[in-house]
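The values are calculated or read from the model by the stated rules, or taken from the named source; none is laboratory data. Here the structure is a predicted model, which means the values were calculated and not measured. We place every Cβ from the backbone using ideal geometry, glycine too, and count neighbours over all the protein chains shown.
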Amino acid sequence: MTTPPTAAPPTAAPPAASPWSAGRVAEILLSAERSRTPRTSIRAEWPDLSLDIAYAAQDIALADRLAHGEVVTGIKLGLTSRAKQQQMGVDSPSVAWLTDSMALPAGLAVPRDRLIHPRAEPEIAFVLGRALRGPGVTAAQALAAVDHAMGAIEIIDSRYWGFKFSLEDAVADNNSSGVYVTGPVIRRIDDLDLGLEACLLEVDGDVVDSATGSAVLGHPGEALAFAANTFGARGITLEPEWVVLTGGMTDAVPVSPGSRVAAHFTSLGTVTVAGG
């Protein structure tokens, strides 16, 4: 198995004794997450924050999570739909990590004591049946590695004030990771038309958005291939039994206390989560 590599928002520049680095970025964002204190965009303060540095910060933060007892259980994609890219003002997808602490058992409410400003988005989730490593992976090859698919709701939670960030900021922040819940329906890939798999997003009984799997990079298999190739370029293999969240199909909606969010899929059943 491949071993993964080891906030009112402040606006002041870092002190001279603590210059900007991937490690400092990771430290700042982990502190914001654990204190539930949002901050302004790091890239607005440090224009030299690049994607390479952001992914390095992501991996440093993961190493910290593992040191605190968390276990890698999969990966997630962000900004895979055009709607989501337009909403966040970016033009490219990205990848990030999932750990066991991010999995929300069905029936439990959103853990508001862990989150800053949770938002919900419906996703198609895969569970891998065998290892998958890029680069050079096609969508067909990626889907051949999938054991089954499920419907999911991801509760994202940016550490940036008002969900205002650049692509580099989002990557450093582990793609706004929060928690996620998967539905009870498990389907084999051959039994689905993933591009046409539709979802209605409902909040407190009202349908607020809808989309199909084609909203996710044209097809969820393309999202999985992108993830395999992006991680593969960093020397990381996607492992059997890992969960892959392929990215939000619709815009993310705020999750208010006492609310109920449901994602109704054509073939993958219904996934629900309470606002807590």
Exercise. What residue, among those in region 159-170 that are at pLDDT 95 or above, closer than 24 Å to ALA274 by Cα and out of contact with any Leu (no Cβ under 6 Å at 6 or more places or on another chain), is surrounded by the most Cβ atoms within 10 Å (Cβ to Cβ)?
Worked result: TYR160
Problem set entry | Check on LEU196, closer than 30 Å to ALA144 by Cβ, surrounded by 17 or more Cβ atoms within 10 Å (Cβ to Cβ) and at pLDDT 95 or above | no
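Does THR272 meet the test of being surrounded by 15 or more Cβ atoms within 10 Å (Cβ to Cβ) and either closer than 18 Å to ILE153 by Cβ or touching a strand residue (DSSP E or B) at 6+ places or on another chain (Cβ under 6 Å) (or both)? Walk me through how you get there before you give the answer.
On the way: surrounded by 15 or more Cβ atoms within 10 Å (Cβ to Cβ): yes; either closer than 18 Å to ILE153 by Cβ or touching a strand residue (DSSP E or B) at 6+ places or on another chain (Cβ under 6 Å) (or both): yes.
So THR272 fits the description; yes.
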Exercise. What number of residues within region 199-214 are crowded, with 24+ Cβ neighbours inside 10 Å and assigned to a helix (DSSP H, G or I)?
Worked result: 1
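Of all residues in region 28-67 being of a type in the set (Ser, Thr, Tyr) and under 23 Å from PRO93 (Cα atoms), which is nearest to the chain's Cα centre (by Cα)? Walk me through how you get there before you give the answer.
From region 28-67, those of a type in the set (Ser, Thr, Tyr) are 31, 35, 37, 40-41, 50, 55; that's our starting set.
Filter once more, so that each one left must be under 23 Å from PRO93 (Cα atoms): 40-41, 50, 55.
Numbers: THR40: 20, SER41: 18, SER50: 19, TYR55: 14 Å.
Result: TYR55.
Confirm whether PHE126 is in contact with a helix residue (DSSP H, G or I) (Cβ under 8 Å, 6 or more places away or on another chain), assigned to a loop (DSSP other than H, G, I, E, B) and of a type outside the set (Val, Ile, Thr). Give the steps one after another, and end with the answer.
On the way: in contact with a helix residue (DSSP H, G or I) (Cβ under 8 Å, 6 or more places away or on another chain): yes; assigned to a loop (DSSP other than H, G, I, E, B): no; of a type outside the set (Val, Ile, Thr): yes.
So PHE126 does not fit the description; no.
Can you tell me how many residues within region 173-189 are β-branched (Val, Ile, Thr) and over 24 Å from LEU143 (Cα atoms)?
1
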For this session: Show the residue pairs that are 6+ apart or on different chains and have beta-carbon atoms under 6 Å apart, the first residue being within region 64-84 and closer than 21 Å to THR237 by Cβ, the second being of a type in the set (Phe, Trp, Tyr) and part of a loop (DSSP other than H, G, I, E, B).
Result: GLY74/TRP242
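Restricting attention to region 136-180, report how many residues are part of a loop (DSSP other than H, G, I, E, B) and closer than 23 Å to LEU194 by Cα.
Within region 136-180, the subset part of a loop (DSSP other than H, G, I, E, B) is 136-138, 145, 157-159, 164-166, 173, 177-178.
Applying the additional criterion that residues be closer than 23 Å to LEU194 by Cα yields 136-138, 145.
Selection size over region 136-180: 4.
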For this session: Examine region 53-61 for a residue that is of a type in the set (Val, Ile, Thr) and in contact with a Phe, Trp or Tyr (Cβ under 7 Å, 6 or more places away or on another chain), and state whether such a residue exists.
Result: no
For this session: Please verify whether region 171-188 includes one or more residues that are surrounded by fewer than 22 Cβ atoms within 10 Å (Cβ to Cβ), farther than 15 Å from ILE153 by Cα and of a type in the set (S, T, N, Q).
Result: no
Seminar exercise, completed: All conditions in (1) modelled with pLDDT of 95 or more; (2) within 30 Å of GLY275 (Cα to Cα); (3) among the basic types (Lys, Arg) are true of LYS84 except (1)
